[in-house]
Structure formats: structure tokens, C-alpha cells
Amino acid sequence: MNPTLSEAGLDALALVRDELGQVEAALRDGANAGSAAVDAIGRHLQQSGGKRIRAALVLLTGRLTACPPPTRIRLAAIVEMIHAATLIHDDVIDEAPTRRGRPSANATWGNPRSVLAGDWLYMQAFRLALAERHFGVLDALISLTQAMVEGELLQLDMQGRLVTPAEHLDLIERKTARLFAVGAELAALAAGRPAAELDRLERFGRHLGLAFQMVDDLLDFTATETALGKPVGGDLREGKMTLPAIYAYESAPPAARERFTRVLDERAYASVPWRDVQSLVESTGALERARRESREQAALALEAILEFPPSPWRDALARLPELVISRSH
């Protein structure tokens, strides 16, 4: 892939900028719960923003598969609501103080209100989905939320212990990649497209989501706190072994491996400074190995979407893998 495509990836999102504005409006309307706490948390999350890459994914694949505008906009809002609900719950579980450089919902409103707000957003997403009167869409969304909850439970079971690359890949498949996969095929499903197209889009989204999460894992070791919007080194501090740490542990001499287990046990960079862990990950080649895997996943995503005939929408989607792996936050 050509590194200069990162700017083109942003141009791809610009193709659906007007519709992304309509998604934002739908999110504002949809998050109006009549409860001051839920409304405030919803506004807080919306202001935290992000590139809305998941919503753009739904909109672009909707254009590609001739899904009607009202449906694809509603589906994009549903995907963003589910994503927002998972962020709220993740931050509660992780006791995260910040999210994208701002205080997290749980740090501001407390765990009970945040959990209930997340639950409300899940239910609101399904209420909007019911308006489609499409059992296939509902089935995909139910399977998605089940997989994501299973991912959270898996992560809790894996927390504070050494894990294998296969275990971690299974985890991020459920927690992150499945949302991208469903987001990629949802509009096509609603439009009644053939199974072969759904398969291509599912593969595209799944590999794009895996690449996205692998880059997230890398940024936790390579980005600055300012760019990342949260403390760096947070994964290991929270007891989570991601690919860079897993590969570094596998490659490190026995004496150095103890650094990882001590951080996992202490849940802090107390007896082992963060810089020592960061240096070990760099010196073992673990960062490059994990970076190579993210590029492989991005290449598989590109391969899947290029199975569609040329069109402006296909070409825009083909730029997303580069946007994902070239981001700095």
C-alpha cells in the first residue's frame, strides 16, 4: 500500500460528509431519553466525536449496494449507538478516567448512571432497528452484541495473565472486528443483496476491524498521551496483554520476561518503569512484527473490497484500510 493514501482515505470519508451530518442529527434525536443523566452522557459522547469511521463504513457500503438513503442513515446511527454503548461499559469495567482526552462518562457521572446509560443506548439502537422490519438486520445486530459481550467476558478471564497470540486474536475478533464486519454488511443486508456480496463485505469489515485494533494496540506503546487522548501503556497496566507485549514476551530472554508479569501482578508501573517495558518491546522487534500483521489484515480487507466492480464507492472503501493503519490516534 502507498503511504500517501492516508490523505485519500480522509477524502473517502468526505464523500459521505453530508450523510454523516444526518447521522449526527439522528444520534442527537435518538439519544433523547427524557432522562437528564442519559441525555448528558449522550451529549458528552457525541462531543467526544472521533472520525465516525464505523458510520462512514455503513454509508459507503450502503451507497455501493444501493441501500436507500433513510435506511443507510438509520443503520449508521444504530452502529454508532452500539459502539457508544460499548465504550461506556468498557470504561466502567476498566475504571478508565479519560476517553479521547476528556473525562470518561464513569469518571463524570459514576458507574451506576454510566452502566444504565449504556444499557439504554443498546435498547435504543434495537428500537431503531425494529423500524426496518427486517429480521436479517435484527439477527445480525443481536449476534453482534452477543459476540461483543462474550469478548468482554473473555477479556475479564484473560486479565492479569499471559495470553497467546491466538487467544488475543479471538478476543479482538469478538470485541472489535465483529462490529466492523456487521457495519460493512448491514446496509447490503437491508437492501437484499446476494450472499456473495454479503460475504465480500463481511470479510472486508472483519479484516479492517482487526487491522484497526492492532493499530490501537501499537499506539498504546508508540503514541504520546496528547495524541492518544488517554495515558499510554494503559493496556498492560490494566492487565491486558496485546500483540506487542505478547510478541515481546515470546522473544525476550527469561530474565526480562519478568518485567511483564510484575506489571500484570501490580497493575502499575511501580517496580518496573514504563520506559523499561517500552524499550523491551522496541528492542525485541515486537512492534514491527505487530505492525506487519496489521498491514497484512489491511491488505486482506483491500483484497476483499476489490472483488466488487469499479465505482466511486468501491474506490472510497478501498482507501479505508490505509486510513486505518496510517492513523496516529
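Nothing in this text is a laboratory measurement; each read-out follows from the coordinates by a stated rule. Bear in mind that the values here come from a model prediction, so they are computed numbers and not experimental data. All Cβ positions, even for glycine, are placed from backbone atoms using ideal geometry, and neighbour counts span all protein chains on display.
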Practice task
State the extension gain, in nm to one decimal, for the chain segment bounded by GLU95 and ASP170, taking 0.36 nm per residue of separation less the distance between their alpha-carbons.
Solution key: 24.7 nm
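Looking at the square roots a ≥ b ≥ c of the eigenvalues of the Cα gyration tensor of region 89-165, which shape do they give, rounded for a/c under 1.5, prolate if a/b is larger than b/c, or oblate?
Numbers: a/c = 2.89, a/b = 1.31, b/c = 2.20.
Taking the square roots of the gyration eigenvalues as a ≥ b ≥ c, region 89-165 is oblate.
How high is the FRET efficiency between ALA14 and ALA255 when r is their beta carbon distance and R₀ equals 45 Å, given to the nearest 0.05?
On the way: r = 51 Å, r/R0 = 1.14.
The calculated FRET efficiency here is 0.30.
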Practice task
Return the distance in nm (one decimal) between the two label points of a simple spin-label model at GLN46 and ALA227, each offset 7 Å from Cα along Cα→Cβ.
Solution key: 3.1
